[in-house]
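The values are calculated or read from the model by the stated rules, or taken from the named source; none is laboratory data. From a predicted model like this one, the values you see are computed outputs, not experimental measurements. FYI the Cβ positions are ideal-geometry reconstructions off the backbone, even for glycines, and counts take in every protein chain you see. When the accessible area is computed, the model is the full protein with side chains, heavy atoms only, and any ligands, DNA or RNA have been set aside. Shrake-Rupley method; radii C 1.70, N 1.55, O 1.52, S 1.80 Å.
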Amino acid sequence: MMIETRRHNPPTITGLGGTGDIGIVTLSWTPVPWATVVDHYAVYVSTASSPWTLLAKTVYPHFVHRGLGFTGVTRSYRIVTVDAAGSRSAPSAAVAVANKTSVTVSGTPIAQVGVYDGKGEFALTPNKSAQYPVKFPNDVDYTYPTSVPTEDWCYLMPGPADKWAGSKNHQVLFRFDLPEAPAKDLDLALWLIDSHAKIPGSAVLSVNGTMVERLTFAPGATKGSTISDSTLPNSPLKPSYLERPLPKDLFKPGQNVIQLLKDNGSWIAFDAFGIYGRP
C-alpha cells in the first residue's frame, strides 16, 4: 500500500518593513523558524505602472535595492519563502517604500565643487594619493568659484589611519559667499565615489566654526584609490550619498566656511561637494 506524503508550504513571511534613502531602499523581515529549511527568500517589486516582478533572491532576512536614481519613487515589495524542496510560501503582506529625492534634484545649487556624476575630476585622481603631503601640505582650502577643482580639491580625503598622508587628522575647508543671510535652511550634498572597505570612519561637519554633526561614512570597496569612475559597466566601486540640512542661522552675508574634519578612520573618495538652497 502506497502512503501519500503531503508537502507543506513554508510559512508566510511577517514583519516586512523598509526604509528609503538616496538611491536605495533597505528591506528587512522576520526570518522563518529554524524548523523550515530555507533555500532562499524571493524578493518581488512593483510600481504603479508595473506588475510584480522578481527582483532578487537572498538567503538573508534583509535586502538592499540599489541603483534607484535620485528622484523619489514609491515601490511596493513582498517576500516569498522558498524551502529546500522547492515549495513556496504565500506572498507576505506588501509594504510600500519610497527612495528619497536628492537635494541635487529638488534644490537650487549655491556653491559646489565637482559634478554629481559618479566620476572623479579632482587633483591626484585617481591613483596619485601618495603625493598628497606635497600637493596639500596644509590640506584643502577651497574658495568657490575662484579655486580650480582639478588643482585645489583632492580626489581622496585621507584620515588618521592613512600612513601615506602622515597618519594624522585632515580637513577640507569650503568657502563661498552669500549676498544675504538665507531665509530657509540650506542643504549639504556630499557624494562619494568610493570609500575604504573596512575603516571609512567619520568626520566632523562644522559651519562657520559651529559643529553641526559627525558624519559617518558607509564602507566602500577600497578600489576607489586606483579607479575613479563608478559608472563603468561592472564597476567594483561602491558609491554613497550623504545629504544633510544645515540650519539657516549658521550662515551670514559674505563669506561662509564649511569645514569637514576627518579625525577618524581612513580615506573617502569625492564625487562632488555642494551647498543647495530650498525652493
- Task: For segment 145-160, enumerate the residues that are open to solvent by less than 50 Å² (accessible area, probe 1.4 Å) and not in a helix (DSSP H, G or I).
- Result: S147, W153, C154, Y155, L156, M157, P158, G159, P160
- Out of S266, S230, S235, sole residue that is closer than 22 Å to D139 by Cβ and of a type in the set (S, T, N, Q): S266
- Task: Within segment 47-82, track down each residue that is of a type in the set (A, V, I, L, M, F, W, C) and exposed (fewer than 11 other Cβ atoms within 10 Å of the Cβ).
- Result: A48, L54, V59
- Message: I'd like the full set of residues that are farther than 21 Å from L124 by Cα and among the aliphatic types (A, V, I, L, M), limited to segment 204-231.
- Response: V204, L205, V207, M211, V212, L215, A218
- Message: With the structure loaded, tell me whether P137 is part of a helix (DSSP H, G or I) and closer than 22 Å to N264 by Cα or whether it fails that test.
- Response: no
- Go through the residues of segment 101-110 one by one and say whether even a single one is modelled with pLDDT of 95 or more, open to solvent by 60 Å² or more (accessible area, probe 1.4 Å) and either more than 30 Å from D177 (Cβ to Cβ) or assigned to a loop (DSSP other than H, G, I, E, B) (or both). yes
- Query: Could you say which residue among G20, G67, G72 is in contact with a Gly (Cβ under 8 Å, 6 or more places away or on another chain), closer than 25 Å to I193 by Cβ, at pLDDT below 95 and not polar (S, T, N, Q)?
  - Reply: G67
- Task: Tell me, please, whether a residue that is within 18 Å of the chain's Cα centre (by Cα), open to solvent by less than 70 Å² (accessible area, probe 1.4 Å) and not acidic (D, E) can be found in segment 83-98.
- Result: yes
- Task: Determine if segment 180-196 includes at least one residue that is open to solvent by 80 Å² or more (accessible area, probe 1.4 Å), in contact (Cβ under 8 Å) with a residue 24 or more places away in the chain and in contact with a Pro (Cβ under 9 Å, 6 or more places away or on another chain).
- Result: yes
- Note on the structure: Checked segment 122-142 for anything open to solvent by less than 60 Å² (accessible area, probe 1.4 Å) and in contact (Cβ under 8 Å) with a residue 60 or more places away in the chain; matches are F122, T125, P126, S129
- Only listed residue being among the polar types (S, T, N, Q), crowded, with 17+ Cβ neighbours inside 10 Å and touching a Ser or Thr at 6+ places or on another chain (Cβ under 6 Å), chosen from S228, S206: S228
- Name the residues in segment 143-179 that are basic (K, R) and touching a residue at least 40 places away in the same chain (Cβ under 8 Å), would you? R175
- Across segment 161-177, the tally of residues that are open to solvent by less than 40 Å² (accessible area, probe 1.4 Å) and part of a loop (DSSP other than H, G, I, E, B) stands at 1
